[in-house]
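Below is one structure, written out as structure tokens, with a few remarks after it.
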């Protein structure tokens, strides 16, 4: 639903977005603090600090740019002696002058404004409508995610070269991956390179390369700010248990990808992963296991690393243009963890993998 | 004031901090979403997603770590069919069971929780108490900021070498600075390298090196996450107007630094800058000028680039251990901009500059 439909549905006059990634998405204005995007039935307004007004007029998609000074912020700040209170007052003035009776705000809207607005308007807290809007990507957005995906694979190949040379220190490999990407214009933080027992915790990084190494890289472009996310598990020494786990995970991932198309639900995809893994006797989150497949199947990706849609036990219907990860894994404390992750774009009759790369990687170190 | 004094002052039973940098500061737990730090009169609690419980027990300073699952989140999610509502319900249960009547939350506390809590408790929105606590740094924090300050100066020297070789492209110089810092373990984003007319906008970067170049670098450590912030204006070709502006800015900055000590107010420092600049006939923000010195004198720095104290026209009393920038500048649309910025730590009888570096830099290109 677009914002005008949201206003209609909630019988509201205005939706107010504070400065975060949704404001950037909607306006293409990179804002720090004290920026508000106000959407009404008759138009939209971008309210910015005085110093940002010219940049906002230049960079944002919004025509009605108003500075806090234009709204009488400085006089208010002097009289109420508190900058936040002054912002709340001038925004309330603005809404009142525009005839607002009811407003809708997103779940993470700041408390100081929420509480002030409740005094005067009917306020309803709603799931941020931009989260659903952002879930379906434009062709331009897909190209930006494809760009980062290409860089991720270059970085992964670079890390394989390091491992082939005999490097065993996961922290060192991680650091080299992040440097490689930065020099190419991408920022990767919290990259995971794990081995041995460390890899049995899906989010932990570190350890010494033993039988296998799990590499999960999720950089964003420093130019256009879109993310990609990619994981491979590399076998460096024979270990039947790990290799069997990896084979099951690859089959689960490929089975899940094979059913993705416009109209299937997130649950269909998640359960396909669980079906395959359970068929090999592994425990899954569907069975409330605390070892085995213990996380969700994937998450949307775009301007945020984790966004809509969530690929889990939920009813969300996947639509053409949605971009998300498919990343089953298996984790056993005494054995270690394996995971395989790709980014896909949903199409009418299937999906396209943006991170195409072999999944069976056996290195001779 | 510590949190127990805040509870006392507001006659409140609990203060609730959602996941942001203040939560990290208080608990040393790097949290993504859905983490809450709840401080009561009899103890504090860290509430985390199930998957994060072990890491929270390992990494955080809080002894009472409780998972959302421990609080019955999963059953609630099934019954209310909305993950946010379920979180609000289990947190409300927790507070009710602990006997809460009144709670205090910070200004940016999320609306979905604020509105739910108002139904059942007395809720007061307060300035986040951690902002004031964080303003005074421990000796360990000062050492971390000193570490980044050293790196900033290395990066600045590196950029001078590039300019000496005749490089004229500000974007290229900026990119080289950011790469240099990343390879050393620091992340600089939105670095400003500006010249000519571009430099007349304090926040703009880019242009071609003409008579002078303004370089403003503010990286954080990728290891300990503390920031530094440093600006110098380099003269590369004779321009009397720019050089006179720079001399006035240097005198204003040094005069301001000379009065900083425990007990002076932010206004004293800000007005000292204005006094000096006005004495040379430049317009300042105190006179509501829109050219000249058009921003505040500085800002606290630590885990955030901009934090308390704000060095502006305000009553804040500067205390030993506070760390902030002193960064006067002059900006004229037809001439360009100059700025000089250092980071200082307040001491009982003065202050220490953490970014010691010459201020008059005349390069022969």
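The values are calculated or read from the model by the stated rules, or taken from the named source; none is laboratory data. What you see is a predicted model, and the numbers here were worked out from it, not measured in a lab. In this analysis, Cβ positions are derived from the backbone assuming ideal geometry, glycine residues included, and neighbour counts consider all displayed protein chains.
Data overview
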| read-out | value |
| --- | --- |
| Residue A:65, sole failed condition from (1) within 14 Å of another protein chain (Cβ to nearest Cβ); (2) farther than 23 Å from residue B:115 by Cα; (3) without any contact (Cβ under 8 Å) to a residue 24 or more places away in the chain; (4) under 32 Å from the mean Cα position of the chain (by Cα) | (1) |
| Of all residues making up the stretch B:63-88, the number that are over 13 Å from residue B:34 (Cβ atoms), in contact with a strand residue (DSSP E or B) (Cβ under 7 Å, 6 or more places away or on another chain) and surrounded by 15 or more Cβ atoms within 10 Å (Cβ to Cβ) | 1 |
| Odd one out for residue A:224 among (1) free of Cβ contacts under 8 Å to residues at least 40 places away in the same chain; (2) over 17 Å from residue A:196 (Cβ atoms); (3) surrounded by fewer than 18 Cβ atoms within 10 Å (Cβ to Cβ) | (1) |
| The listed residue being within 21 Å of residue A:113 (Cβ to Cβ) and more than 12 Å from chain A (Cβ to nearest Cβ), out of B:117, B:121, B:112, B:94 | B:121 |
| Filtered residue count, the stretch A:151-173, keeping only those that are free of Cβ contacts under 8 Å to residues at least 24 places away in the same chain and within 14 Å of chain B (Cβ to nearest Cβ) | 1 |
| The listed residue being surrounded by 16 or more Cβ atoms within 10 Å (Cβ to Cβ), free of Cβ contacts under 8 Å to residues at least 60 places away in the same chain and farther than 25 Å from residue A:24 by Cα, out of A:123, A:193 | A:193 |
| Of all residues making up the stretch B:71-88, the number that are free of Cβ contacts under 8 Å to residues at least 12 places away in the same chain and assigned to a loop (DSSP other than H, G, I, E, B) | 2 |
| Looking only at the stretch A:32-49, and only at residues there that are more than 12 Å from chain B (Cβ to nearest Cβ) and assigned to a loop (DSSP other than H, G, I, E, B), the one that is surrounded by the most Cβ atoms within 10 Å (Cβ to Cβ) | A:35 |
| Test: residue in the stretch B:128-150 that is away from chain A (no Cβ under 14 Å), modelled with pLDDT of 95 or more, farther than 30 Å from residue B:324 by Cβ and not in a helix (DSSP H, G or I) | no |
| Extreme residue, nearest to residue A:111 (Cα to Cα), among residues of the stretch A:42-55 that are in contact with a helix residue (DSSP H, G or I) (Cβ under 9 Å, 6 or more places away or on another chain) and modelled with pLDDT under 95 | A:49 |
| Residue count, the stretch A:89-105 (criterion: touching a strand residue (DSSP E or B) at 6+ places or on another chain (Cβ under 6 Å) and in a loop (DSSP other than H, G, I, E, B)) | 1 |
| Residue list for the stretch A:174-189, filter: at the interface with another protein chain (Cβ under 9 Å from one of its Cβ atoms) and assigned to a loop (DSSP other than H, G, I, E, B) | A:185, A:189 |
| Residues that are within 14 Å of chain B (Cβ to nearest Cβ) and out of contact with any strand residue (DSSP E or B) (no Cβ under 7 Å at 6 or more places or on another chain), drawn from the stretch A:50-62 | A:51, A:52, A:54, A:55, A:58, A:59 |
| Positions within the stretch B:244-261 being over 10 Å from residue B:328 (Cβ atoms) and touching a strand residue (DSSP E or B) at 6+ places or on another chain (Cβ under 6 Å), in sequence order | B:245, B:246, B:257, B:260 |
| Meets criteria (within 23 Å of residue B:125 (Cβ to Cβ) and touching a residue at least 60 places away in the same chain (Cβ under 8 Å)) for residue A:32 | no |
